[in-house]
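Here the structure is laid out as structure tokens; the discussion comes afterwards.
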Amino acid sequence: EIASCLVGSEMCIETGTETCLKVGGYVRYQYNFDQNATIKTGSVETGGGYAGLSKVRARLNFDVREETELGTLRGYVRLQAQNANGDDSATYQMKFGYLQLGGLTAGLYDSLWTSDIGGAEDGLLTDTDLAVGDRTANLVSYTYAMDGLTGTLSLENPVLSLIHISEPTRQEAI
């Protein structure tokens, strides 16, 4: 039944099932124009030139949901590609990819914590902080809600890209 679709008119129901599906996304084109760019001819630099930079971003979202005895079962994937100046080296990435069942979430999702962004290390917001969840992480989390109180416990894959681990030299290994 269409009336039983859990998120309303934005999702459509697969024929013969109780599965709701939403496909969305966007394509964005941006062109930046600099009328005072520096022009370099040989070793001589002059002002007053112009330069342009174009960017294209395409995003696809797939959201599938179905009611089960254990709660709402949801699968979500966001794919994104971005290109600059028509170069063939576009960056492709999965921004989100997770499964949810009731309060359980597993996959690539918004992190519950942030780190080293000017005071939000404790995960709390102030007027100058970025929002919690501005980073994604591979995680398994559980959210429990009762009488207007919500709590979440999350086990997240640590971000190790800031730590440099050097390989031992041959001399150190011996």
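Worth a mention:
- Total residues in the stretch 59-91 satisfying the condition of being open to solvent by less than 40 Å² (accessible area, probe 1.4 Å) and of a type in the set (A, V, I, L, M): the figure is 2.
- Qualifying residue in the stretch 9-27 (condition: within 22 Å of F96 (Cβ to Cβ), at pLDDT 85 or above and open to solvent by 100 Å² or more (accessible area, probe 1.4 Å)): yes
The values are calculated or read from the model by the stated rules, or taken from the named source; none is laboratory data. All values reported here derive from a predicted model rather than from experimental measurement. Backbone-built Cβ (ideal geometry, glycine too); neighbour counts: all protein chains shown. Just the protein is used for accessible areas: all its heavy atoms, side chains included, with ligands, DNA and RNA removed. Shrake-Rupley method; radii C 1.70, N 1.55, O 1.52, S 1.80 Å.
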